[in-house]
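A short reminder: the numbers here are calculations on the coordinates, not readings from a lab. Because the structure is predicted, anything quoted here is derived from the model rather than measured. We place every Cβ from the backbone using ideal geometry, glycine too, and count neighbours over all the protein chains shown.
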Amino acid sequence: MPSSSHRPRKRYGQHFLHDLRVLARIVEAIAPRPGECLVEIGPGEGALTRPLLERAGTLHAIEVDRDLAARLRDLPGLTLHEADALEFDFARLPCGMRLVGNLPYNISTPLLFHLAKYAERVRDMHFMLQLEVVERMVAAPSTGEYGRLSVALQARFAMQKLFTVSKGAFRPPPKVESAVVRLTPLPAMLAIDDDVLRRAFSARRKQLRNALPGVDLAAAGIDARLRPENLTPADYARISALIAPR
């Protein structure tokens, strides 16, 4: 295991995974092989980085913390990108990349929206996230957890919550439970206008005719009396096609 002398920084949302059993389960779920383009977001102290390198031989890693990056630079097979993952252009990396990581919890939702833009270039993603975020990702329509994030990701990915992780597996322990989730790009992705989702879910308790005024919902075959949380990703794709024909 790497040294634990680094003091976690709140501004980066750092909670370092140290439980060897959890790390082994993540590596087993990813099942990395030599020749694959693996990309780790937020390698931190390298607890997951090292076993991934052992299995795959090479790895790209994106780390914003300069002190942590300095500790990782000399790892054989590692290509280190010292950058903010929220601003990183993943199109720089080969198609078919596999994204992995214990994502910073303080930016997890905007980071997921950013990564979704590259869905067509990705083979799969395996992330550790807050349990509540994973539950929102996989939520079904007409449930309390279903929202903008659910629709945006389900339009592009098939998702599966793999297992939950207790607070004690981290240093320092977060205030929330965590879970590991797998995202696999869909063969046919839905085109959904993000502005439509923003407008709809900013008024999620209102009927659609009030949440999306001026939109001919009947033309999309949608009951205007429904609420935003009642619609499927396919419904939002039909609405988007009306507003901005492709």
Quiz prompt | Per-residue [θ]222 nm for the chain (sum of -39500 (n - 2.57) over DSSP H runs n ≥ 4, rounded to 500) | solution = -8000 deg cm²/dmol
Practice problem: Be a star and scan segment 138-160 for residues whose amide nitrogen sits under 17 Å from the point 7 Å along the Cα-to-Cβ vector of residue 184. | Solution: 138, 154-160
Exercise. Quick one: which residues, 5+ away or cross-chain, put their amide H under 5 Å from the amide H of residue 38? H built at 1.01 Å from N.
Key: 60, 98
Quiz item: In debye to the nearest 20, how big a dipole does the chain give about its Cα centre with +1 on each Lys and Arg Cβ and -1 on each Asp and Glu Cβ?
Solution: 460 debye
Practice problem: Starting from the Cα gyration tensor of segment 49-194, take the square roots of the eigenvalues, sort them a ≥ b ≥ c, and report rounded, prolate or oblate (rounded when a/c is under 1.5, otherwise prolate if a/b is larger than b/c, else oblate). | Solution: oblate
Exercise. Mind checking which of 122, 51, 24 is farthest towards the positive end of the chain's charge dipole, using Cβ charges of +1 (Lys, Arg) and -1 (Asp, Glu) about the Cα centre?
Key: 24
Exercise. Counting only DSSP beta bridges with both residues in the chain, tell me the antiparallel percent, nearest 5.
Key: 50 percent
Practice problem: Take the alpha carbon gyration tensor of the chain, find the square roots of its eigenvalues, order them as a ≥ b ≥ c, and report rounded if a/c is under 1.5; if not, report prolate when a/b exceeds b/c, else oblate. | Solution: prolate
